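Let me begin by presenting the structure, written as structure tokens, before commenting on it.
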Amino acid sequence: MDLSLRHRGPRYSETPDGVSYEYKIGALRKQFYENFTIGMKGGSNRWIKNRKKHLTNLFAHRGGALEAPESTLKAFDYTLNEAGADVLEVDVQLTKDGEIVVWHGPNLANVFVSKVNPAPEKRPIGRKRIYDFAWCELDGKAWVADPWNCSLEGLPEAADRDKRELLLFSEFLQTYPKAPLNIELKQSFLKKLGDRDGLDDNIKE
């Protein structure tokens, strides 16, 4: 059984009742496990004999998008080392020049991009989505904001900005070579980008 936790509101290290999310995630996993095994007891289902192999899997959506800056090394490190996720859910998009980037997008509203207006609503058409940029315009020049921080002001000066950068999928694979993954190709793979048109062209070497 797989459990994917996806959230729509801001989340912090503690819930309103003062209990950490890590504790609640663990409790939720335990509840699913107990309900599953209780449902199987009394039967001859072979899964009961190997139930440790069939625990609920916790998927980290965008690396835990509302716990840390989404789809960044900071988020994936947090998810694996602190939140205890089993599987990293990874979305990938294409840049204008065909580089594969870890990003849900396609909008970059929560990303500070160097030499681009920090107010997302004031960015011109053609400078709003990840496929509007070549990778050289984003590489080391784009930082993802915290999920609870709506302002992009001051983000490039953040002490941990290196872990907030947009990253290539190849870099992600080098950093987490053994992590279980759930990969989703996003809509940019269907677009016409340069001389490539549609999925078949965009996934060619």
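The values are calculated or read from the model by the stated rules, or taken from the named source; none is laboratory data. Since we're looking at a predicted model, the values are computed, not measured. Because the Cβ atoms are built from the backbone with ideal geometry, glycine has one as well, and the counts that use them run over all protein chains shown.
Report whether or not residue 71 is surrounded by 24 or more Cβ atoms within 10 Å (Cβ to Cβ) and out of contact with any helix residue (DSSP H, G or I) (no Cβ under 6 Å at 6 or more places or on another chain). Yes; evaluated as a whole, the condition is true for this residue. Scanning segment 75-129 for residues that are of a type in the set (A, V, I, L, M), buried (at least 16 other Cβ atoms within 10 Å of the Cβ) and in a loop (DSSP other than H, G, I, E, B) gives 85, 108, 116.
Residues of segment 161-187 that are among the acidic types (Asp, Glu) and at pLDDT 90 or above: 165, 171, 184.
Restricting attention to segment 188-205, the residues that are in contact (Cβ under 8 Å) with a residue 60 or more places away in the chain and in contact with a helix residue (DSSP H, G or I) (Cβ under 9 Å, 6 or more places away or on another chain) total 6.
The set of residues from segment 160-184 being under 18 Å from residue 111 (Cβ atoms) and loosely packed, with under 12 Cβ neighbours inside 10 Å comprises just one member, 160.
Residues in segment 112-138 that are in contact with a Pro (Cβ under 9 Å, 6 or more places away or on another chain) and under 26 Å from residue 201 (Cβ atoms): 128, 129, 130, 131, 132. Among residues that are closer than 27 Å to residue 148 by Cβ, among the acidic types (Asp, Glu) and at pLDDT below 55, residue 70 is not included.
Within segment 141-148, does at least one residue satisfy the condition of being in contact (Cβ under 8 Å) with a residue 40 or more places away in the chain, aliphatic (A, V, I, L, M), part of a loop (DSSP other than H, G, I, E, B) and surrounded by fewer than 18 Cβ atoms within 10 Å (Cβ to Cβ)? Looking through segment 141-148, none of the residues is in contact (Cβ under 8 Å) with a residue 40 or more places away in the chain, aliphatic (A, V, I, L, M), part of a loop (DSSP other than H, G, I, E, B) and surrounded by fewer than 18 Cβ atoms within 10 Å (Cβ to Cβ). Applying a threshold of 8 Å to beta carbon distances and a minimum spacing of six or more residues, or different chains, the list of pairs starting in segment 76-96 at a residue that is more than 19 Å from residue 178 (Cβ to Cβ) and ending at one that is assigned to a loop (DSSP other than H, G, I, E, B) and among the aliphatic types (A, V, I, L, M) reads 95/134; 95/138; 96/134.
Would you pick out the residues in segment 175-184 that are in contact with a strand residue (DSSP E or B) (Cβ under 8 Å, 6 or more places away or on another chain) and over 13 Å from residue 62 (Cα atoms)? Within segment 175-184, 176, 179, 180 qualify.
Filtered by the rule that a residue be among the aromatic types (Phe, Trp, Tyr) and within 21 Å of residue 78 (Cα to Cα), segment 122-178 gives 143, 148, 169, 172, 176.
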